[in-house]
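S.K.: Pasting a structure below so you can have a look.
Coordinate-derived values only; no laboratory data. Since the structure is predicted, the reported quantities are computational estimates derived from the model, not experimental observations. With ideal geometry, Cβ positions are generated from the backbone for all residues, glycine too; neighbour counts draw on all protein chains shown.
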């Protein structure tokens with residue numbers, strides 16, 4: 001019996017290619033989204049910036065007073081100081097007679113000596129700049145360095161708080177959706193208690209108990225923000241627990257733990273990932289609000305929220321550059337991350353495949 005190898009080869013050539021995996025197909029759709037890719041580049045640039053700041057490669061001297069107080073940005077130029085002498089002060093100085101202050105202030109003879117010593121010390125101080133790229137704050141610290149260091153703190157808090165909330169919400173949602181019964185009822189009761197109280201009141205309550213600090217802010221936001229993740233994961237587990245692949249795993253003796261986290265969780269991971277991305281944006285805003293109200297990072301640290309808080313008093317005096325720098329950095333990152341989250345959701349949504 002002869003075999004037609006040519007015919008077999010033709011059949012092999014006509015066979016369709018193997019379909020790409022879930023993540024490879026999602027990456028292909030994401031690459032075709034121009035807005036999503038630009039947003040991803042901006043987000044990665046910020047992440048590289050905060051890594052460099054954490055390694056003290058940039059903005060390590062943000063606390064140094066490198067400029068004159070409230071030095072304006074470079075494109076504005078140095079402030080025009082009043083150089084005209086006061087005629088009234090000249091007249092008073094001309095007619096004034098020397099007054100012996102030793103009877104009034106015993107330390108008066110020492111004032112001149114102290115001024116001379118201060119002048120000698122100032123000789124060794126490095127000169128301060130009249131202008132800086134983004135200006136200086138009321139102490140003469142570089143606003144650009146503060147904005148970079150503030151990005152490190154704010155983004156760190158937002159991302160790690162989102163991880164904490166994701167872990168809590170995913171674990172409780174998986175238990176509530178897969179186990180159900182009394183366990184599900186108990187978790188629903190806890191969920192309803194948390195959602196019935198305004199988030200801002202919960203944040204204030206936890207802040208009063210745990211105090212201030214970066215780790216404290218991460219913990220507070222994670223404990224408050226898990227409810228949305230729980231609700232979505234619970235709904236997905238209720239939908240997937242009766243699917244054929246879960247029943248097949250049960251038939252061959254797979255444990256409940258493996259069914260929950262080895263079989264079902266990968267199939268709902270796109271929901272978890274997208275929800276976590278949304279939490280990052282929300283938690284960055286929450287950290288800014290907390291630091292603005294004085295409940296966030298300590299006073300010896302800087303974040304975008306503390307910069308906005310400091311800018312209140314400076315803005316009254318017309319010094320707007322610290323407010324502009326913090327707002328520009330925060331708006332750029334939050335907008336890029338939100339757009340990237342939208343593109344990621346579209347790429348991972350099974351309904352759009």
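S.K.: Assign one of three labels to the stretch 271-344, namely rounded, prolate or oblate, based on the Cα gyration tensor with a ≥ b ≥ c the square roots of its eigenvalues; rounded applies when a/c is under 1.5, prolate when it is not and a/b is larger than b/c, and oblate otherwise.
M.R.: oblate
S.K.: Let me ask you something else. Return the Rg/Rh value of the stretch 301-353, two decimal places, where both radii are evaluated on C-alpha atoms and Rh is the Kirkwood radius.
M.R.: That ratio equals 1.30.
S.K.: While we're here: What translational D, rounded to a whole number of µm²/s, comes out for the stretch 230-315 from Stokes-Einstein when the hydrodynamic radius is the Kirkwood one over Cα pairs, at 20 °C and 1.002 mPa s?
M.R.: 133
S.K.: Take the stretch 204-353, drop everything but the C-alpha atoms, weight them equally and run the Debye formula without solvent; then report log10 I(q)/I(0) at 0.09, 0.10, 0.13, 0.16 Å⁻¹ to two decimals.
M.R.: -0.45, -0.53, -0.76, -0.96
S.K.: May I pose another question? Taking the Cβ of each residue in 299, 58 as the centre, tally the other Cβ atoms inside 10 Å and list the residues starting with the fewest.
M.R.: Going from least to most buried by this count: 299, 58.
S.K.: Continuing with the same structure: Please state, to two decimals, what the Cα-based radius of gyration of the stretch 222-265 comes to when divided by 2.2 N^0.38 Å (N = residues).
M.R.: Rounded to two decimals, the normalised Rg is 1.35.
S.K.: Give the dimensionless ratio obtained when the Cα radius of gyration of the stretch 193-241 is divided by 2.2 N^0.38 Å.
M.R.: 1.41
S.K.: Also: Please compute the alpha carbon radius of gyration of the stretch 123-281, then divide it by the globular-protein estimate 2.2 N^0.38 Å. Two decimals is fine. Don't skip to the answer; put the middle values down first.
M.R.: Details: Rg = 22.4 Å, N = 159, 2.2 N^0.38 = 15.1 Å.
Dividing the Cα radius of gyration by 2.2 N^0.38 Å gives 1.49.
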